[in-house]
Structures are given as C-alpha cells and as structure tokens.
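Single-structure report; data block below.
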Amino acid sequence: MSQLPNPVQQLLKRAAETPNEPYLHQPVNGVWRSYTWGEVAEQARRMASALIAMGLKPGDAVGITGMNNAHWFMADFACGLAGLIGVGLYPKQSEDAVRFIAGHAGIKAAFIGPMPDAAGFLGALPAEVVRIALPYPGVAECAQNWDQLIAANKPLATPVERGADEVWSLIYTSGTTGNPKGVIITAANLAFTVAGVLRDQPPVASGEHFLSYLPLAHAFERGAVETASLYLPAQVHFLEELEKLPQTLAMVRPTRFYGVPLVYSRVQGGILKKLPQAKIDRLLSIPIVSGFIRRKIRKGLGLDRAWLVISGAAPLPRPIIEWFAKLGIDVLQGYGMTENSIYASLNLPGQNKVGSIGKPYVDAGLRIAEDGEIQCKHPGNTPGYYKDPEKTAELFTADGWLRTGDKGHIDSDGYLFITGRVKEIFKTLKGKYVSPAPIEGKFGTNTAVEQMCLVGTGLYQPMLVLSLNADARKLPREQIEAGLVATMKSVNATLEPHEEICKIVVTKDAWTIDNSLMTPTMKVRRNEIEKRYLELLGKLEADRKTKVYWED
C-alpha cells in the first residue's frame, strides 16, 4: 500500500510548501472569497484547539451539516487534526434520521451551515450536542460560532496521532429502507483509494479545478472532491444555491466534473431550451460549423476544459450519453459504493464502453459470484458498520469478500455491466419473479421521463410509475402519452410475457428528498413508491383500456 500521509498531514504539507496559493473559493451573496492553503490550515488548527478546549476527546464524534461550503471542509479538517470522528449529515435529512445518527454515533458537537428548515434539523439534535454556527448569512443562531472560536483559540501545534486503522470518519448511508448504517472509513482506506486515483487519473499540468455541489455527507463528494483536492492538488469552488448551478459551472470551468443522472438530464434540458434539437442536428451536420458549435456549447456549459466528466449513483440512459457525445463530451460511468470507498470500476477517456460501468481498477480485487453478485476485496473496503456486528457479518462472505448487492457480468473486453440487484426482485400474483432494473434501463430511452420505478408486488402484471421532467410537463398530454406508449411497446417486445409493462402511471408531483421518494443521494426509494401507489395500482388493474394513467 502507498505510504501517503493522512488527509490532515497532507493539508499541513500543502500549507507549509505553498501557503499563499489559493485553495477554496466561496461565494457569499454572489461575491467570491478565496482561502489560501495557509489560511485553511490556520483556521482548521484553531478550530481543532477550540474543540479540544470544549472537552472533546480523541474518538468522539462531531457532526457537520449544511450546504457545501469552504468551512465544511475546514470543520472536517479540524476534526482530523483533533483526533475526532467527522460525521456528515445531509441538510435535508429527515428528523428521524438525524435523531438516530446523533444517538448512534454519539455526536458531541455539530457544525451547522446554511440549510433549509434548520429549525426542524436542530430540533432533532439532542439538547446536549454543542452547536457551532458556520460564518454564513442566514445560518441558525447557535451557542457557539466559528469566527469567535477561531479568534479565541491558538492553532493546534501538533495533530493528534491516530493509527491508520482507527476510525477516521463515519459515513451514514442514506438507505432506501430502515435506519441509516454508519460505514467506518479509516485513514488506511483513504490512502489506498487516493493512491489509485493518483495512478489512474493523474492531475493535468495546468492545474485542477473542482466544483463542489453534490452532498458532502456522501462518500463520493467527500472522497473524490474533498480528499482528492488535497493530494492532486485542486482548487475547489463551491455552489451557493442549487438554482445557480448553470451559471456557476460556466464560470468555474472545472477540469473534472461529477454528477448524477438527474444533473445531466437537466443540463441537456437547459441546452434544448436555448437551442432546439432540430437546429442542433442541422448545425452539427455542416462540416464547416460543426466544430465551432461543439466548442461554443461546451464553453457555454463550462465543460470546455473538463477532461474527466463522470456520472454515478444510478444508470445514465444511453440516449443521454450519446447526445453529449455528439457535442464532444464523453460522460463516463463509474461504479462504487460507500462500503468500498467508491472504488470498483470506472470508464476513462479513450477506454470508454457506453452502457458499461468501466473496467475494474487493477487492484479492486473484483469477482462475480455464482449468483451473479459483484464482490470485491481490497484495502479500501470498510472494516464494517459502526456498532453493528450483525450487519457487518452480512456484508462480507466467509472468505472476506465484500458483498455489493449488485448483480453484473464482465464482458470479453473486461468491462463491467450491472444487471440488477441481488435482492431487488419482486414476485407478481402470477408467482413469477421480475427484476426491475434492466427493464427500467430499457425505458430510459424516453427523454421525457425524469424518474421511474417498476412495481409488481401484489399485482398480476408489472406497472411502471414515473415522473416527468420539467420540460415534458409543459407539453400536451397527448404528445407525451403517445411517446410513453410507443416506448412501452418497444420495451415489451424484448421481455418475457410475465415481465411486460401493462400500464404506466404518471405521478402529479416530482420525486424529491422532501416527499421521501428520493434519498439524499438521489436514488429512488422503491419501497416508498410501492407503499404510496400500490392501492391505486390495484384499482387500475381492472381497467384494461387505459394504458397511461395521470394521477391528477
């Protein structure tokens, strides 16, 4: 294993070598403030002293929440310097989840950043948790605040030592069912995965720039952006408001851009609002102007210098990948999970097979089990779930391989494909089993659909529940309905009779974190969809004529 320094050692190294180089860039009310490596290290060291002065001991847990910002990073670095365990909390997490995580992790203090509905979040924290407000407008008033603590405490002279296999941070999986599980991440886990990134995705000579906007409570943003920025190094720019993503992306022009399928479908929609598809096709068909148009669109998006554009968390429909490819943007799919430090496989520039999730990393130790499950064994794998030996035992095979729960296969060229979930199948009332993921993947060719979920438990034949994207909701229903029926017929022609979709239900509301139909990492909560719509679907089964039902 590479003997890389741990993250805070790396921070101090950067601060000593390049103290005046810019590192973090934070917008506040539209005005940008930059922090150098020296300033970030100084503030983190002072906050580490403040946490120790509060009586926190090495191994204590500290929560960090709020929208992504420079002080989220600094708070996490302060925890690392003080020997504390940083625990990210989603700002839109349900109160029940906040209450559970705070108690399960034993959180002693929590950094509170800008967030919606702060009152509900703070109300779910145990009264004894010390609240520390990050220095941003609109942050809820707390007993302590960042700037005062920084001013009152001297920088911590020496980081608290901890072993490579001790708990560095806890990342609670958002979970589609049950309580979140606390995934243990160690310094050894981080050292292994960072070494792999440096090997396979080395920094560009001109310098790396990131845009941080995906949730920092999630393993991907915490690892691929926060941690990787220390080692590449990379300058990190933050998003002040989600609505400002297009403008901020165009201004930052990141060298690496990461997104989930929903982001790419909305980026596509934004372009098509300004430039209709027919016009794009016409311009790209003219040899003299096609190259200019591609460059102009890429620059307008802010992806003109992005050499690595990655989509993860869920399958990105092939038509969207091919649409971006026509513009000269290769959106690369990768694969990983919190439990293996998001380290399994990745398509790379020049080594991209559309539809796959890339070739396994050379040291990912990946295998396909007899039942088709993807399993891996490498030093980035978590030691287990915090305070949950039973779930930890279920996570690993008898010979020590991590069970991903995903089914897949590796083709003759060495590329990995996901074909579904090991347990995510349902049985219809006909007694037949159906695997929903491949069917949903086929339906992804319909660009009007934003999210979908195939259900069939308690039904004689599967039905597809879906939500439309914002642009599709503005179109005539007859047009959308015709497209959905055409897609359904096309997909059904590839399926066994018991798998065929018999009806489509278009929901009246978008699926969001707030209405519990999506996890904070933008995964569909299948059990919530089934719970919410099963009674309606049961009633609709008797209607043989209607193929598309509109909820409203």
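The values are calculated or read from the model by the stated rules, or taken from the named source; none is laboratory data. No experiment lies behind these values; they were computed from the predicted model shown. In this analysis, Cβ positions are derived from the backbone assuming ideal geometry, glycine residues included, and neighbour counts consider all displayed protein chains.
Tabulated data for the structure shown
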{"item": "Residues that are within 16 Å of Ile418 (Cβ to Cβ), buried (at least 21 other Cβ atoms within 10 Å of the Cβ) and over 23 Å from the mean Cα position of the chain (by Cα), drawn from the stretch 429-438", "result": "none"}
{"item": "Strands (runs of 3 or more DSSP E) wholly inside the stretch 412-514 containing at least 1 residues that are on the phi < 0 side of the Ramachandran plot and touching a Pro at 6+ places or on another chain (Cβ under 8 Å)", "result": "416-421, 449-455"}
{"item": "Selected residue [under 21 Å from Val139 (Cβ atoms), surrounded by fewer than 24 Cβ atoms within 10 Å (Cβ to Cβ) and modelled with pLDDT of 95 or more] from Arg14, Arg46", "result": "Arg46"}
{"item": "Qualifying positions in the stretch 402-426 - free of Cβ contacts under 8 Å to residues at least 40 places away in the same chain, buried (at least 16 other Cβ atoms within 10 Å of the Cβ) and over 22 Å from the mean Cα position of the chain (by Cα)", "result": "Phe426"}
{"item": "First in the stretch 192-220 and on the phi > 0 side of the Ramachandran plot, second anywhere and surrounded by fewer than 23 Cβ atoms within 10 Å (Cβ to Cβ) and not acidic (Asp, Glu), Cβ under 8 Å, 6 or more apart", "result": "Gly207/Ala234; Gly207/Gln235; Gly207/Thr255"}
{"item": "Selected residue [polar (S, T, N, Q) and out of contact with any Phe, Trp or Tyr (no Cβ under 8 Å at 6 or more places or on another chain)] from Ser516, Ser467", "result": "Ser516"}
{"item": "Residue tally, condition surrounded by fewer than 20 Cβ atoms within 10 Å (Cβ to Cβ), farther than 14 Å from Trp550 by Cα and not hydrophobic (A, V, I, L, M, F, W, C), over the stretch 484-508", "result": "8"}
{"item": "Which listed residue, of Gly182, Gly196, Gly120, is farther than 24 Å from Leu51 by Cβ and surrounded by 18 or more Cβ atoms within 10 Å (Cβ to Cβ)", "result": "Gly196"}
{"item": "Check on Ile171, within 22 Å of the chain's Cα centre (by Cα), buried (at least 21 other Cβ atoms within 10 Å of the Cβ) and either modelled with pLDDT of 95 or more or in the same structural domain as Ser49 (by TED's automatic domain parsing) (or both)", "result": "yes"}
{"item": "Filter result for the condition that a residue is more than 24 Å from the chain's Cα centre (by Cα), at pLDDT 95 or above and among the polar types (S, T, N, Q), over Asn189, Asn145", "result": "Asn145"}
{"item": "Qualifying positions in the stretch 217-244 - surrounded by fewer than 19 Cβ atoms within 10 Å (Cβ to Cβ) and in a helix (DSSP H, G or I)", "result": "Leu242, Glu243, Lys244"}
{"item": "Residue under evaluation Asn469, criteria (1) free of Cβ contacts under 8 Å to residues at least 60 places away in the same chain; (2) closer than 26 Å to Val263 by Cα; (3) of a type in the set (S, T, N, Q), criterion not met", "result": "(1)"}
